[in-house]
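Below you'll find the structure, written out as structure tokens, and then a few comments.
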Amino acid sequence: MSLFPSLFKIIRKGKCLFLLLLCLCVVAWIATFSNDDTDKAVQDGSNSPDDKGVGGFAQMELESEMMQSVEERVEEQAAKESCPEQSPLLRGAIKLSFDPSLTIGQVESENGEVVEGQYNPSDCTARQSVAILIPHRNREKHLLYLLHHLHPFLQRQQLHYAIYAGDATFNRAKLLNVGYLEALNDQSWDCFIFHDVDLVPENDHNLYMCEEQPKHLVVGRNSTGYKLRYKGYFGGVSAMTKEQFLKVNGFPNSYWGWGGEDDDLRIRVTLQKMSIIRPSSQVARYTMVFHKRDSGNQINKDRMRLLRRTHQAWKTDGLNSCSYKVLSVHRAPLFINITVDIGRPERAH
Ligand code: UD2
Ligand code: MN
């Protein structure tokens, strides 16, 4: 099943093999910004934390609509009380299902209260505004399963989220940097969840919220006997506030292919004298949808060398040097999909 069949056809047929496309699908749950559902092509360029504008008329229009919606939201929310510290809707361990015949139409109809990826609890003001960033490329089925479970999961927690995709050599870390910058172009999120597309949370007490320290949400998963893979492991799903992520200059942009980027982020966090916290192993459990290694995501043989230079490289390789070009923005019912060109590795792998 393909969410964007024509796009993938074009990619497959096209000759620009090293054009890495990223589809940013931002499913946000609190702010409701009104926007038409047409694709918006925006131009540019390089982005940094201080310069998030991507220029062009379409982008300016998007920003002014955002401003308006933020004001409306502040007025609306002023009348509501803050949601309770622990949501009364939590159910604990959830029975997950992965029905091969599931369709996006079904998931949409089960989530009628989500509008253009946005959901806002009607009876209280959410405690955090959280954007969940999920890089994905050629994993439509995984994305569908995740949307199916994550929407109701986050509604029970009264929160937010966001999603991404591409082609040619994969670069998870850079896609997550792009997700952070693009989500902040929409609104000022408090918290970011960096989320593999194939990991489905099993317990809704695993809160998709940020804390005083960076948080790692995957203590265990089915395929590793629910045990932490190794001390210092920071892959899969992690949560950082806007400030924490900015402080470490985000992820590195230079890790192409599989592996190393999660360890690099851990080193960045440690260098800033922050520590990684985790929920209990009973709660931080995930099911990983089965998959083999994707083509175009071969092991990054350079990762050990890159990890040795992180203590210096973090200052110049990260959010402040993340250049990319937004190709389109599509607001689907359950997520916002932004396709971007993130370039290609400097050296061929
Ligand atoms: C592990 C980590 C992951 C990351 C990766 C190394 C866990 C649970 N996850 O994942 O966070 O550190 O190692 O890079 O330990 N993706 C696509 N299309 C592709 C390739 C990757 O969408 O063609 C995305 C997708 O979100 C996927 C993620 O990248 O979940 C990680 O890739 P993987 O699932 O192939 O790697 P895995 O399971 O070893
Ligand atoms: Mn995986």
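Residue count for the stretch 199-217 satisfying the condition of being part of a loop (DSSP other than H, G, I, E, B), open to solvent by less than 10 Å² (accessible area, probe 1.4 Å) and within 16 Å of ligand 2 (Cβ to nearest atom): 1. The helices (runs of 4 or more DSSP H) found entirely in the stretch 99-196 that carry 1 or more residues being under 14 Å from the mean Cα position of the chain (by Cα) and more than 16 Å from ligand 2 (Cβ to nearest atom) are 140-157, 172-186. Among the residues of the stretch 229-247, just one is open to solvent by 20 Å² or more (accessible area, probe 1.4 Å) and among the β-branched types (Val, Ile, Thr), namely 241. In a residue-by-residue description of the stretch 336-345, the property of being closer than 20 Å to residue 131 by Cβ, away from ligand 1 (no atom under 16 Å from the Cβ) and buried (at least 17 other Cβ atoms within 10 Å of the Cβ) applies to at least one position. Being within 14 Å of ligand 1 (Cβ to nearest atom), out of contact with any Phe, Trp or Tyr (no Cβ under 9 Å at 6 or more places or on another chain) and closer than 19 Å to residue 178 by Cβ holds for only one residue in 235, 296, and it is 235. Applying a threshold of 6 Å to beta carbon distances and a minimum spacing of six or more residues, or different chains, the list of pairs starting in the stretch 197-225 at a residue that is within 16 Å of residue 146 (Cβ to Cβ) and ending at one that is basic (Lys, Arg) and within 14 Å of ligand 1 (Cβ to nearest atom) reads 197/139; 202/285; 203/285.
So that you can scan it fast, the table gives a plain yes or no per residue for (1) modelled with pLDDT of 95 or more; (2) within 21 Å of the chain's Cα centre (by Cα); (3) within 13 Å of ligand 2 (Cβ to nearest atom):
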residue: 257; (1), (2), (3): no, yes, no
residue: 269; (1), (2), (3): yes, yes, no
residue: 273; (1), (2), (3): yes, no, no
residue: 278; (1), (2), (3): yes, yes, no
residue: 286; (1), (2), (3): yes, yes, yes
residue: 292; (1), (2), (3): no, no, yes
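Acidic (Asp, Glu) and under 30 Å from residue 145 (Cβ atoms), is that true of residue 294? So residue 294 fits the description; yes.
Pairs are defined by a Cβ separation below 8 Å, a sequence spacing of at least 6 or placement on different chains, a first member in the stretch 86-99 that is open to solvent by 100 Å² or more (accessible area, probe 1.4 Å), and a second member that is part of a loop (DSSP other than H, G, I, E, B); the pairs so defined are 91/204. Against the conditions (1) open to solvent by 20 Å² or more (accessible area, probe 1.4 Å); (2) touching an Asp or Glu at 6+ places or on another chain (Cβ under 9 Å), residue 270 satisfies every one except (2). The requirement of being touching a Ser or Thr at 6+ places or on another chain (Cβ under 8 Å) and modelled with pLDDT of 95 or more is not satisfied by residue 102.
Inspect all residues belonging to the stretch 307-317 and state whether any of them is in contact with a helix residue (DSSP H, G or I) (Cβ under 6 Å, 6 or more places away or on another chain), within 20 Å of residue 190 (Cβ to Cβ) and more than 10 Å from ligand 1 (Cβ to nearest atom). There is no residue in the stretch 307-317 that is in contact with a helix residue (DSSP H, G or I) (Cβ under 6 Å, 6 or more places away or on another chain), within 20 Å of residue 190 (Cβ to Cβ) and more than 10 Å from ligand 1 (Cβ to nearest atom).
A count restricted to the stretch 282-340 and to residues that are closer than 30 Å to residue 205 by Cβ and β-branched (Val, Ile, Thr) stands at 4. In this structure, does residue 278 turn out to be open to solvent by 60 Å² or more (accessible area, probe 1.4 Å), within 28 Å of residue 147 (Cα to Cα) and in contact with a His (Cβ under 9 Å, 6 or more places away or on another chain)? Yes; evaluated as a whole, the condition is true for this residue. Regarding residue 178, is this residue closer than 25 Å to residue 298 by Cα and either aromatic (Phe, Trp, Tyr) or touching a residue at least 24 places away in the same chain (Cβ under 8 Å) (or both)? In short, yes.
The values are calculated or read from the model by the stated rules, or taken from the named source; none is laboratory data. Here the structure is a predicted model, which means the values were calculated and not measured. So basically every Cβ, Gly included, is an ideal-geometry build from the backbone, and we count neighbours across all protein chains shown. Ligands, DNA and RNA are excluded from the accessible area calculation, which covers all protein heavy atoms including side chains. Shrake-Rupley method; radii C 1.70, N 1.55, O 1.52, S 1.80 Å.
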